[in-house]
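Please read the structure below before turning to the comments.
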Amino acid sequence: MTSRQLAPQILVHADMSLALAEQLLRGVRDAAASEGMRVAAAVVDRGGQIVAVMRMDGTPCCGVPLAIDKAFSAAAMAAPTDAWAETTTPGGPDWGMSTALGGRMVVYPGGLPLFHDGQLVGGLGVSGAEGHQDKSYAAASVRAAHLAESAQ
């Protein structure tokens, strides 16, 4: 008998490795540096736990915590953090979402979920530049690592 036959209730999922997280952080750093920008970035695993974090010299002090929460939010919701930008405005159907989970949910650009072969493996968050730049640096790194931003 195989171990699967003995314990069919055990789930096996793809997850983030430190080596891949470090590759993603290098990709963000290279993308930002090519435009003369300084950012912080964080990679979390599929459960939102930090795998790796980096802060380029001169990045604003709020960069690291925001990058971590962007990565967490993207992994938790399996969607880019800016997916709720319009619906979380006052009176919107998702108003108040940014206060969920002790305020960790981020609803502006820079956080991307990470998928491999259709499975969520983690999240990448970037902070320190304009929102569209944060998202661009994250997306460039995701592409370079041959990952996807959605399950499709």
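Here is a yes/no grid of residues against (1) on the phi > 0 side of the Ramachandran plot; (2) modelled with pLDDT of 90 or more; (3) touching a helix residue (DSSP H, G or I) at 6+ places or on another chain (Cβ under 7 Å):
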site	(1), (2), (3)
Met77	no, yes, no
Ala83	no, yes, no
Glu86	no, no, no
Trp95	no, no, no
Ser98	no, no, no
Leu101	yes, no, no
Val107	no, yes, yes
Gly110	yes, yes, yes
Leu114	no, yes, yes
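From the list Gln152, Gln133, the lone residue that is in contact with a strand residue (DSSP E or B) (Cβ under 9 Å, 6 or more places away or on another chain), surrounded by fewer than 22 Cβ atoms within 10 Å (Cβ to Cβ), modelled with pLDDT of 95 or more and among the polar types (S, T, N, Q) is Gln133. For Val126, the conditions (1) buried (at least 18 other Cβ atoms within 10 Å of the Cβ); (2) farther than 18 Å from Ala41 by Cα; (3) at pLDDT 95 or above; (4) not hydroxyl-bearing (Ser, Thr, Tyr) all hold with the exception of (2). Listed by first and then second residue, the pairs with beta-carbon distance under 7 Å, at least 6 apart or on different chains, first residue in the stretch 79-97 and free of Cβ contacts under 8 Å to residues at least 24 places away in the same chain and charged (D, E, K, R), second surrounded by fewer than 17 Cβ atoms within 10 Å (Cβ to Cβ) and part of a loop (DSSP other than H, G, I, E, B), are Glu86/Gly92; Asp94/Thr87. Residues satisfying the criterion are absent from the stretch 12-32 (criterion: in contact with a Lys or Arg (Cβ under 9 Å, 6 or more places away or on another chain), within 22 Å of Gly131 (Cβ to Cβ), not in a helix (DSSP H, G or I) and not basic (Lys, Arg)).
Quick check: is even one residue across the stretch 87-107 closer than 16 Å to Arg29 by Cα, surrounded by 13 or more Cβ atoms within 10 Å (Cβ to Cβ) and not hydrophobic (A, V, I, L, M, F, W, C)? No, the stretch 87-107 has no match at all. Here's a check for you: in the stretch 27-56, which residue that is of a type in the set (D, E, K, R) and out of contact with any strand residue (DSSP E or B) (no Cβ under 9 Å at 6 or more places or on another chain) is surrounded by the fewest Cβ atoms within 10 Å (Cβ to Cβ)? Applying the filter and picking the extreme gives Glu35. Within the stretch 11-49, the set of residues being of a type in the set (Ser, Thr, Tyr) and closer than 16 Å to Phe115 by Cβ comprises just one member, Ser17.
The values are calculated or read from the model by the stated rules, or taken from the named source; none is laboratory data. What you see is a predicted model, and the numbers here were worked out from it, not measured in a lab. We place every Cβ from the backbone using ideal geometry, glycine too, and count neighbours over all the protein chains shown.
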